[in-house]
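Following: one structure in C-alpha cells, then a few remarks.
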Amino acid sequence: MPLGLRTAALTDQVLDTLQEGVVLSDAAGLVADANAAACRILRRTREDLLGVPVTEATASPVDVSGRPVSAREHPAARASVTGRTTAAVLGVARTNKRIWLHVSSSPLPGVDGIPLPRGSRHPVMTTFVDITAQMLQRQSLQSSEERFRRTFQDAPIGMCLLGLDGRFQQVNRALTTMVGWSSDELVATTADALTHPDDLDDARESRRALRAGEVASVQVDQRFRTAGGEPVWTRLTMSLVHARDGEPLHYVGQVEDVSEVRRAHAMLEQRALYDHLTGLANRSLLLDRLTRALADRAMDPATDRGLVAVVYMDLDHFKRINDSLGHDAGDRLLQEVAARMTTSVRPCDTVARLGGDEFVLVLEQITSVSEAGQVLQRVIDEIQQPVVVGEHDVVPSVSAGLTVSDGSRTAEQVLGDADTALYVAKDHGRSRWEVYDESYRQRALHRLSVESELRVAVAREDFELHYQPIVDLRSGALVAYEALVRWRHPERGLLLPAEFIDICEESHLLPVLGRWVLREACGFVARHPEFTGQVFVNVSPRQIGAADLSRVVGDVLEQTGVGAHRLGLEITETGVLQAAGSARADLERLADLGVTLVLDDFGTGYSALSSVLAAPVTGLKLDRSFTARLGDGGAGDRISVAIAALVDSLDSYGVVEGIETEAARTHAVAHGWTHGQGWLFGRPAPEQQIYGTPAPEQQPLGRAPRGQQPLGRAAPEQQLLGAVGADGAPGA
C-alpha cells in the first residue's frame, strides 16, 4: 500500500478508536468528517452528516435548564466566530428519553499555526461525549451526599476539587489513572506542581478569572506531568463553587485526556498541508507561504531585503528511473532529493513538492536575481551529487526556472512564471536553469495556441506528406523516399515539422498523427506500383512500447496491402537507448514483421555505439552536422570514415543526410558511404508533383524479413536499406 494511503488509513483508524465523537466542520459550519463514535452517539450515518450544518447534528438541543439552544448559541458556532474553545452540555431528545452530551468545540488554527485574520470564521473540531449517566447522577447528588460521592468517583473522565489555593482536595479514580499518581499523592500537592511549565500561566489566569467573577467557567487545554515524567494533554473544564452566602468555596474541574484527539488532529493537519512521501510542504501550504511572503514585500516595498524568489524545478528523465529501477527506487530518490534541498536552503526558505518529480523553492529576503541564482546553484550542486538507490549509483540532474518578484503579482502568477522559465530550460537541453523573462510568457501563450490548433488539425487530418528521394551515391539510382509531414495551416500556410512536432509530442498527439503518417506513406506505395523502392517514416519514442507501434504498423500494412519490406522506420539513437522493456519488445516485433529499422541522426546522442547494438536495427543515417564537415581534412573526415567502417563491420547500411553539393557526395563515396539524401538529389515534394513522372531506376533499400536469406553485399545497388521520417533537411 502506498505511503499516502497508509497515512490516511492510519488517521481514520486513530479517529475511529476514540470513544468520544469527533466531528470536523469547515469555516461555513458544514460537517466535513465524523468518526465512528460521533455517528453512534448522534445516531446518524457518516453519509447523513457530511455537508449538513454542524449545529443541526444534534436535534433540538436544550441546555441543562431545559431551554432550547439556538444555532448561534451552539458551541461550534461560537467557537467558529470567536476563535475560542467553547463547551456546553446539551440535552438531545430520543424516542422516550433525553440523553445528555458534553459538546466541546475548538477552533482549528490557520496554516502553520498562524491565527486567521480578525473576523474570519474558523473551521472547528467538535467532540461529543455522551454524559447522560453523569448528568443523571449529578441530579441525584443534589439530594444525596453519597450519590454525589459515587458519581464523582465513578465518572469516566477525570474530576477534581481544588482549594482556592490550587491544592487538590479530592480526586477521582479516572484522574489518578490518567496521571499515574495515587489519590493520596495528588491531595498532598497542587495543580500547579503537575502543570507543564509552558502552560502554567494560562492555568493560573483561568483560576484568577473564575475567582474574579469574570467568567462562569473556563476550559483550557494543558499538559499534566504524569508519575513517569511524561506529559499528557488534557482538556480541563473548571468552575467555581460558591456557598449559599455567595462566598467561594472551591474549584471543581473535569479533566479529559485529549492526547489521542491532538495526535489525530496533528495527523490531519500533516495530511492536509504536507507531502506524504517527502514531508515537504504541499501545494496548499506553498501557496499560503508564498502569498504571505509576497504580501509582506508589497507592504514594505522600500526594504533592501524584500524580494521573493521562486524556483520551479524537476528531475531530468525521472521516468527512466521509475521504468528501469521501479517506483520504490523512484520514491527513495525523491526522498533523498527532498532532504538535500532542505539542507541546502536557509531557515527562512520554503521547500515544497507539488507531485511527481516537481519541486518548488520559495526564497525570501533576496536582494537580487544574482543572489537567488547563487542559492539555486548551491541547491543544484548538492542535488547532483551521486546517490545510491538500491544497488545502483544514480547521478540526479535537474532543470529549473527562476523568477524574482517585488510582490506586485499573485502567488499563482509568480509560480506560473517560474514554471514557464523551467519549460524554457528543458527546451534548451535540460540540466540547466533559466531566469524568467517576459518574452517567455508570450512564447508560452503561443505554444498554448498552437497546441489548441493542433488538436483541431489532428482531428481534421489537416496534414500532407512530402517525399524526398534517397539515392545510391555511385549510380544516382533512386532507392527510397523519406516521407516528411507538413501541416497545412489555415492562416499560416504550409508549416514544417520544426514548428509543431515538439508541441505535438508534448501534447500526446504524436501517436495519432504518427498513425496517419504511416497510413498515408503506405498508401503512397500502394497507389504507385511503378515505384518499387521503400518509404520511411520517423517514429517518436512515445509511439513505441505503450502505444503498441507494432500493432499499428501491422494494421496499416494489412489495410493498404503493402509488404512489410517496403516500409522502414527511423528512430533516434537516444530513443533506442531510453527504450524500456516494452519498447524493446515492440521493436523486436517490428523487425519480425520484416520492417526495416534505421537509427536517425546518428552521432548526435550519447553512447552511440551502444545504441547500434541495443536494438534490431538494419542501418543508420549520419547526421547532417557531420556531412557539413566532409572534406575538412580533419576531425569531420575522420569521424565520417570511422562511422562508415563501423557500418560495414556490422554488416549494416548507411545513409548520409544533408548532401547538397557534388563535393560532399564525392567525399562521402570516398569515405565508404553507399547511400545519400539531400538537396543535391531532390527537395521534398508532394505526391501530386511526383505522380505521373517517369520513375528512375528503383532498387529496394533495407533487409529481408527475418527467416529469409539477406541479399548479398557485392553491389551496393542490390542492397536493402531505408529511411523515412517526420522531419527533413533544413528548409525542406
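Structure above, values below:
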{"item": "Test: residue in region 534-548 that is assigned to a helix (DSSP H, G or I), over 21 Å from Phe463 (Cβ atoms) and at pLDDT below 90", "result": "no"}
{"item": "Failed condition for Asp349, given (1) buried (at least 17 other Cβ atoms within 10 Å of the Cβ); (2) modelled with pLDDT under 90; (3) out of contact with any Lys or Arg (no Cβ under 7 Å at 6 or more places or on another chain); (4) closer than 19 Å to Asp417 by Cβ", "result": "(2)"}
{"item": "Members of region 483-533 that are at pLDDT below 90 and of a type in the set (Ser, Thr, Tyr)", "result": "Ser507"}
{"item": "Members of region 634-659 found to be over 13 Å from Ile470 (Cβ atoms), charged (D, E, K, R) and in contact with a helix residue (DSSP H, G or I) (Cβ under 8 Å, 6 or more places away or on another chain), listed by number", "result": "Asp637"}
{"item": "Restricting region 474-508 to residues that are of a type in the set (A, V, I, L, M) and either buried (at least 23 other Cβ atoms within 10 Å of the Cβ) or not assigned by TED's automatic domain parsing to the domain that holds Thr596 (or both), the residue that is farthest from Glu657 (Cα to Cα)", "result": "Val485"}
{"item": "Some residue of region 153-166 being modelled with pLDDT under 85 and part of a helix (DSSP H, G or I)", "result": "yes"}
{"item": "Selection status of Val255, surrounded by 21 or more Cβ atoms within 10 Å (Cβ to Cβ) and assigned to a strand (DSSP E or B)", "result": "yes"}
{"item": "Some residue of region 230-247 being part of a loop (DSSP other than H, G, I, E, B) and closer than 19 Å to Ser106 by Cβ", "result": "no"}
{"item": "Qualifying strands (runs of 3 or more DSSP E) (wholly inside region 15-94; at least 2 residues being over 23 Å from Val218 (Cα atoms))", "result": "31-34, 86-93"}
{"item": "Residues of region 168-219 satisfying the condition of being surrounded by fewer than 17 Cβ atoms within 10 Å (Cβ to Cβ), assigned to a strand (DSSP E or B) and among the β-branched types (Val, Ile, Thr)", "result": "Thr190"}
{"item": "Hits in region 489-546 (condition: among the aromatic types (Phe, Trp, Tyr) and within 35 Å of the chain's Cα centre (by Cα))", "result": "Phe500, Trp516"}
{"item": "Filter pass, Arg235 being touching a strand residue (DSSP E or B) at 6+ places or on another chain (Cβ under 9 Å), outside the structural domain of Asp33 (by TED's automatic domain parsing) and surrounded by 21 or more Cβ atoms within 10 Å (Cβ to Cβ)", "result": "yes"}
{"item": "Residue list for region 269-301, restricted to those being surrounded by 18 or more Cβ atoms within 10 Å (Cβ to Cβ) and either modelled with pLDDT under 85 or over 23 Å from Thr343 (Cα atoms) (or both)", "result": "Leu294, Arg297"}
{"item": "Odd one out for His528 among (1) farther than 27 Å from Ser449 by Cα; (2) without any contact (Cβ under 8 Å) to a residue 12 or more places away in the chain; (3) not hydrophobic (A, V, I, L, M, F, W, C)", "result": "(2)"}
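Table: residues versus (1) within 22 Å of the chain's Cα centre (by Cα); (2) surrounded by fewer than 21 Cβ atoms within 10 Å (Cβ to Cβ).
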{"residue": "Val375", "(1), (2)": "no, yes"}
{"residue": "Gln384", "(1), (2)": "yes, yes"}
{"residue": "Val395", "(1), (2)": "yes, yes"}
{"residue": "Thr403", "(1), (2)": "yes, no"}
{"residue": "Val414", "(1), (2)": "yes, no"}
{"residue": "Ala418", "(1), (2)": "yes, no"}
{"residue": "Tyr423", "(1), (2)": "yes, yes"}
{"residue": "Glu434", "(1), (2)": "yes, no"}
{"residue": "Glu451", "(1), (2)": "no, yes"}
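Matching residues to (1) modelled with pLDDT of 90 or more; (2) outside the structural domain of Leu510 (by TED's automatic domain parsing):
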| site | (1), (2) |
| --- | --- |
| Thr367 | no, yes |
| Val379 | yes, yes |
| Pro386 | yes, yes |
| Ala418 | yes, yes |
| Arg432 | no, yes |
| Tyr467 | yes, no |
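The values are calculated or read from the model by the stated rules, or taken from the named source; none is laboratory data. This one's a predicted model, so the numbers in the text were calculated from it and none came from an experiment. Positions of Cβ are generated from backbone atoms using ideal geometry, with glycine treated the same way; all protein chains shown enter the neighbour counts.
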